[in-house]
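Presented below is the structure to which this report refers.
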Amino acid sequence: MEIFANSEIESDLKCLQKWFEDNEKLPKKIDRILLARFYYYADRRVEETMQLLLGHYALRMKNPHIFITRDPHSQDALNTAEFVYFITLPELTPDKNQVKFIKLKSTDPNKVHFLEDLKSLIMANDGAFSEPDTMIGDVPYFAEGLIQVVDMEGASMKHMTHLKLPPFFVFLKYMQKYCPIKFKAIHLINCPPFVNKMYAMVKPFLKKETANKIHFHVRGVESLFEFVPKEMLPTEYGGNAGSVDDLSERMLNALRSQRSYLAMAFLSTIIQRY
């Protein structure tokens, strides 16, 4: 969808920008693209956008160890980059959805640092939120929604022992209530035998709407092609998007170029206000 499609949208965003900058409970400024994401997530309803923003930043301030104290150049972020891939595919699906992948880079469970890895995932999303999902010519567009793919190849119960429940529950609350992403589906591919036990542990904390969007693919990735065209996928999955390593390096370079935005300009203003 075209982000700044008409004068009504521009007027609503201008109104929201002023309200945001005048509100003592919020940062002094907000990126225009990020503001527009919340606006579209709330189906372009101004009052709902305001409430979403208040809840979003309140949750961040209550959990600075997850959302605020981070740096893409930090050793923690570098450790996560050696353990797991967070990538975004360059093309949208025919239904105009964005596709993101999470995949283990190392299967060594001793490389899991759950809180630090979680912070890196959120940081990667925050960096992407300040950019359009795609450009058509010079015109910025958002995707209609997100398809999240999690490749569980190499995952084991030893990895699960590093799960820290308090930050995990904060993350679930954030993703299901305050994160400006419209999930279309969550696909777990190459699922190991223990996935049923893992899901049984998590399911009580999932909204029914979220649980209904989760799909399990036990044997390989072929069944994923019903939802994501094969040619869109990384080379390792038979597609034309480039290798996982190349896509990851591109994402990491973009994230590191946003260091001041992520580590200071965007989040430190919240602390000043509070």
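Taking the dipole about the Cα centre of the range 174-235, with the C-beta of Lys and Arg at +1 and of Asp and Glu at -1, give me whichever of 195, 227, 206 is farthest to the positive side. With unit charges placed on the Cβ atoms, the residue in question is 206. The distance linking the range 130-188 with the range 6-24 is 27 Å (Cα centroid to Cα centroid, whole angstrom).
Considering the options 101, 162, 147, tell which one lies farthest towards the positive end of the dipole of the chain, charges being +1 on Lys and Arg and -1 on Asp and Glu at the Cβ, about the Cα centre. In the chain, that residue is 162. With all protein chains kept in place, the per residue accessible area of the chain amounts to 50 square angstrom at a probe of 1.4 angstrom.
Computed on the chain, with alpha-carbon pairs under 8 angstrom and 6+ residues apart, the relative contact order is 23 percent.
Put simply, the convex hull of the Cα atoms in the range 1-58 casts, on average, a shadow of 3.5 nm².
Using the alpha carbons alone, the radius of gyration of the chain stands to its Kirkwood radius in an Rg to Rh ratio of 0.95. Across all C-alpha atoms in the range 51-178, the radius of gyration and Dmax reach 15.8, 47 Å.
Among the listed pairs 62/100; 119/158; 28/203; 111/203; 25/164, those whose Cα-Cα separation exceeds 31 Å are 28/203. When DSSP beta bridges are limited to those with both residues in the chain, what percentage is antiparallel, rounded to the nearest 5? Given both bridge residues lie in the chain, the antiparallel proportion sits at roughly 35 percent. Highest mean packing comes first when the peptides 217-228, 112-123 are listed by Cβ atoms within 10 Å, giving 112-123, 217-228. Please give the helix 32-41 orientation as an angle from the longest Cα principal axis of the chain, in degrees from 0 to 90, rounded to the nearest 10. Roughly 70 degrees, rounded to the nearest 10. Once the Cα atoms are used to define both axes, helix 46-62 deviates from the longest principal axis of the chain by about 60 degrees. Surface composition of the chain: carbon and sulfur atoms hold 54% of the protein heavy-atom accessible area at a 1.4 Å probe. Counted by Cβ distance under 11 Å from residue 241, the other residues give a net charge of -2, where Lys and Arg count +1 and Asp and Glu count -1.
If you fit an axis through the alpha-carbon atoms of helix 114-129 and take the longest principal axis of the Cα set of the chain, what angle between them do you get, 0 to 90°, nearest 10? Rounded to the nearest ten degrees, it is 50.
Using only side-chain charges placed at the Cβ, +1 for Lys and Arg and -1 for Asp and Glu, the dipole size of the range 133-274 relative to its Cα centre rounds to 980 debye.
The values are calculated or read from the model by the stated rules, or taken from the named source; none is laboratory data. What you see is a predicted model, and the numbers here were worked out from it, not measured in a lab. All Cβ positions, even for glycine, are placed from backbone atoms using ideal geometry, and neighbour counts span all protein chains on display. For accessibility, only protein heavy atoms count, side chains too; no ligands or nucleic acids. Shrake-Rupley method; radii C 1.70, N 1.55, O 1.52, S 1.80 Å.
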